[in-house]
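*Asks:* I'd like to ask you about the structure that follows.
The values are calculated or read from the model by the stated rules, or taken from the named source; none is laboratory data. Treat the numbers as computed from the prediction; the structure is a model and nothing was measured. Heads up, the Cβs are rebuilt from the backbone with ideal geometry, glycines too, and the neighbour counts pull from every protein chain shown.
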Amino acid sequence: MTVPDATPRAKPEFVIPAQVDLYAAVMTLNADEYELLRLIAQSPEPVAASDFFHTIHPANFERSAAAEDPRRVAWREKQFGLYKAMIDLHDGGLIRIAHPANGERPDLMEATDAGHAALT
């Protein structure tokens, strides 16, 4: 068994307590990961993680704004960041695919036991 690196990360916002999954035990969540995990965990049934992206980072520009509008560009980057957060949560064992995508809808996700524990 390897011991995780004890070097502190720069300004962690949320630290997960020790879990059975070694990766999850040392994973530090940023604000987006924490909020996405919280929303998935509170859902009574598996949910498409992307359904929460506009809740976490709502658009702050008019629909007619040009593609190169700085507010639209910044928002788009935040949306991409949420996809990365979803992948990191999955890779960290905090969420899992309950129902794979079927061509009509995306993967439906649910929080794992480690994911629920990370929120306490």
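*Asks:* In the stretch 81-120, how many are in contact with a helix residue (DSSP H, G or I) (Cβ under 6 Å, 6 or more places away or on another chain) and either among the hydroxyl-bearing types (Ser, Thr, Tyr) or at positive phi (or both)?
*Replies:* Looking only at that region, the number is 1.
*Asks:* Quick one: is ILE87 under 14 Å from the mean Cα position of the chain (by Cα) and either closer than 25 Å to PHE61 by Cβ or surrounded by 14 or more Cβ atoms within 10 Å (Cβ to Cβ) (or both)?
*Replies:* No; evaluated as a whole, the condition is false for this residue.
*Asks:* State which residue is nearest to ALA31 (Cα to Cα) when the search covers only the stretch 75-118 and only residues that are hydrophobic (A, V, I, L, M, F, W, C) and touching a Phe, Trp or Tyr at 6+ places or on another chain (Cβ under 8 Å).
*Replies:* Checking each candidate, the answer is LEU82.
*Asks:* Here is a further query. Quick one: in the stretch 7-46, which of the residues that are β-branched (Val, Ile, Thr) and buried (at least 18 other Cβ atoms within 10 Å of the Cβ) is modelled with the lowest pLDDT?
*Replies:* Residue satisfying both the conditions and the ranking: ILE16.
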